[in-house]
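The values are calculated or read from the model by the stated rules, or taken from the named source; none is laboratory data. Since the model is a prediction, treat every value here as computed from it, not as a measurement. Note: ideal-geometry Cβ built from the backbone for every residue, glycine included; neighbour counts use all protein chains shown. Quick note on the areas: whole protein, heavy atoms, side chains included, nothing else; ligands and nucleic acids left out. Shrake-Rupley method; radii C 1.70, N 1.55, O 1.52, S 1.80 Å.
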2 protein chains.
Amino acid sequence: MGINDRKQRHKEELKDIILKAAKELFLEKGYEATSMRSIAEKIEYSPATIYLHYKDKAEIFYALHLEGFKLLVNYFKVLASVADPFERLKAMGHVYINFANENPDFYNLMFVMSEPMEVFELDHAKEWNEGEDAFRFLHNTVIECMDKGYFKGMDAMGFSFMLWSTMHGLCTLRTSGHLDQVRQVKTQLPDINAVTAFTLQTFISMMERLK
Amino acid sequence: MGINDRKQRHKEELKDIILKAAKELFLEKGYEATSMRSIAEKIEYSPATIYLHYKDKAEIFYALHLEGFKLLVNYFKVLASVADPFERLKAMGHVYINFANENPDFYNLMFVMSEPMEVFELDHAKEWNEGEDAFRFLHNTVIECMDKGYFKGMDAMGFSFMLWSTMHGLCTLRTSGHLDQVRQVKTQLPDINAVTAFTLQTFISMMERLK
DNA sequence: TGCATTTACTAAACACTGTTCAGTAATCTT
DNA sequence: AAGATTACTGAACAGTGTTTAGTAAATGCA
């Protein structure tokens with residue numbers, strides 16, 4: 001094996017080590033506490049070394065944004081086995097909310113923070129394929145529902161965006177802490193999980209009526 | 001007028017000047033570019049002076065969070081004159097989205113950022129009255145709709161949270177830049193305003209069916 | 001094998017952030 | 001007039017992301 005191969009391998013391995021360290025810190029302590037110096041300390045290199053492998057901090061977090069989408073899309077893929085599109089839609093709703101509840105930092109990185117999306121504003125040729133994959137799964141399921149006669153007269157795209165907006169809104173109002181602070185949430189349901197579940201159930205009931 | 005009155009008045013005036021400077025910078029340049037040093041420079045005092053009037057930066061931004069809610073609730077109040085609750089609900093939807101589109105930084109401060117909400121986590125006796133006011137207006141309008149026989153069988157609270165989630169989701173997917181990057185948004189509708197309007201219209205069509 | 005070149009990495013610097021503190025000038029009180 | 005208080009400041013502290021000049025190690029070549 002050549003010297004060049006070995007050096008190239010070391011370069012790639014170090015890049016992976018940096019990302020793994022960033023991910024561990026990010027999952028343990030969140031975005032704010034994941035600094036370039038803390039990543040460097042964890043991998044026992046200096047902060048300057050990281051810049052040999054990643055353009056800047058945003059590029060590291062964009063790589064984590066991609067990892068988050070791989071995780072979510074894996075959950076969605078399992079649902080492909082659900083034959084009835086409406087049941088699949090419901091299952092997607094549950095999966096999406098569970099994902100946000102169990103991975104709030106990843107969820108923020110994927111769907112809330114505008115920084116990872118800046119890469120697409122700088123490079124207009126680059127496309128948000130990972131977001132597109134997730135949205136397409138939803139959109140295709142909506143089209144299958146409509147092919148079955150559900151949601152007659154509704155536009156598939158508008159409907160898909162509406163579904164995503166509702167799920168996203170429910171997730172972010174919860175993770176940001178706004179939902180918690182509404183008095184009715186504090187007093188009328190046992191906890192925030194119950195509010196989220198109840199609101200989702202109301203939404204599903206609406207969908208049942210529109211079938 | 002006593003010396004104490006004059007000094008107290010100066011203290012309050014300086015506090016207002018600080019907030020006004022913060023607001024101007026915030027509206028011109030956004031949250032990231034509104035630093036304690038930039039506020040201090042604008043009012044021609046040192047950064048340390050600000051800490052005589054505000055506990056920390058979060059308290060300044062919480063004051064701006066309150067101003068944002070005053071603005072929104074003023075828009076909502078105008079809708080009280082809309083007699084039919086369903087028409088009022090629709091108008092609220094438009095007002096909410098227009099507010100987010102025209103005041104994205106305020107919107108983020110009010111409904112997205114978790115920092116202003118931390119004041120309620122630290123002081124459990126303190127309540128999010130401003131958010132409660134806005135939500136109550138929505139909730140009351142939903143109850144009036146149900147009193148008129150609309151949305152039969154739906155729970156008012158779940159329905160209200162569902163409405164808020166949908167509007168909030170639509171607003172934040174747009175302001176964060178995620179909606180822009182979906183291929184269908186780029187190719188099938190003229191611009192992001194059209195997507196938002198179209199998705200809202202789809203949602204309203206659903207509500208019409210559920211009446 | 002020795003020297004020149006290249007590479008990988010670093011310490012330190014830069015420019016910025018939020019916040020605190022010891023010191024000081026001005027104002028107020030006695 | 002002197003002492004006390006207040007309002008404010010410069011500088012420090014501890015942190016951030018990023019860059020750069022310098023250096024040791026590795027590599028290539030004559």
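Have a look at A:48, A:33, A:58 and point out the one that is within 14 Å of chain B (Cβ to nearest Cβ), of a type outside the set (Ser, Thr, Tyr) and within 8 Å of DNA strand D (Cβ to nearest atom).
Just a single option satisfies the conditions, and that option is A:58.
Tell me, yes or no, whether the range B:156-171 has at least one residue that is open to solvent by less than 10 Å² (accessible area, probe 1.4 Å), part of a loop (DSSP other than H, G, I, E, B) and in the same structural domain as residue B:109 (by TED's automatic domain parsing).
For the range B:156-171, residues open to solvent by less than 10 Å² (accessible area, probe 1.4 Å), part of a loop (DSSP other than H, G, I, E, B) and in the same structural domain as residue B:109 (by TED's automatic domain parsing): absent.
Just for the range B:129-155: of the residues that are of a type in the set (Phe, Trp, Tyr) and open to solvent by less than 20 Å² (accessible area, probe 1.4 Å), which one is farthest from the other protein chains (Cβ to nearest Cβ)?
Residue satisfying both the conditions and the ranking: B:151.
Show the residue pairs meeting these rules: Cβ distance below 7 Å; 6+ apart or different chains; first residue within the range A:13-24 and in the same structural domain as residue A:105 (by TED's automatic domain parsing); second residue open to solvent by 90 Å² or more (accessible area, probe 1.4 Å) and modelled with pLDDT under 95.
Close Cβ pairs (under 7 Å, with a partner that is open to solvent by 90 Å² or more (accessible area, probe 1.4 Å) and modelled with pLDDT under 95) do not exist here.
Considering only the range A:30-43, I want to know if a residue exists there that is closer than 24 Å to residue A:96 by Cβ, within 25 Å of the chain's Cα centre (by Cα) and polar (S, T, N, Q).
no
Kindly establish whether residue B:70 is surrounded by fewer than 13 Cβ atoms within 10 Å (Cβ to Cβ), away from DNA strand D (no atom under 16 Å from the Cβ) and more than 14 Å from chain A (Cβ to nearest Cβ).
Against the criterion (surrounded by fewer than 13 Cβ atoms within 10 Å (Cβ to Cβ), away from DNA strand D (no atom under 16 Å from the Cβ) and more than 14 Å from chain A (Cβ to nearest Cβ)), residue B:70 qualifies.
Residue by residue through the range B:111-128, note down the ones that are within 9 Å of chain A (Cβ to nearest Cβ) and open to solvent by 70 Å² or more (accessible area, probe 1.4 Å).
B:118, B:121, B:127
From B:83, B:91, grab the single residue that is surrounded by fewer than 17 Cβ atoms within 10 Å (Cβ to Cβ), more than 23 Å from residue B:121 (Cβ to Cβ), away from DNA strand D (no atom under 15 Å from the Cβ) and in the same structural domain as residue B:201 (by TED's automatic domain parsing).
Exactly one of B:83, B:91 is surrounded by fewer than 17 Cβ atoms within 10 Å (Cβ to Cβ), more than 23 Å from residue B:121 (Cβ to Cβ), away from DNA strand D (no atom under 15 Å from the Cβ) and in the same structural domain as residue B:201 (by TED's automatic domain parsing), namely B:83.
Within the range B:158-177, does at least one residue satisfy the condition of being without any contact (Cβ under 8 Å) to a residue 24 or more places away in the chain and of a type in the set (Lys, Arg)?
Scanning the range B:158-177, I find no residue that is without any contact (Cβ under 8 Å) to a residue 24 or more places away in the chain and of a type in the set (Lys, Arg), so the answer is no.
Go through the range B:51-68 residue by residue and tally those that are closer than 13 Å to residue B:16 by Cβ, within 12 Å of DNA strand C (Cβ to nearest atom) and not in a loop (DSSP other than H, G, I, E, B).
Of the residues in the range B:51-68, 1 are closer than 13 Å to residue B:16 by Cβ, within 12 Å of DNA strand C (Cβ to nearest atom) and not in a loop (DSSP other than H, G, I, E, B).
Select from the range B:186-199 the residues that are in a helix (DSSP H, G or I) and open to solvent by 10 Å² or more (accessible area, probe 1.4 Å) and write down the one among them that is nearest to the other protein chains (Cβ to nearest Cβ).
B:198
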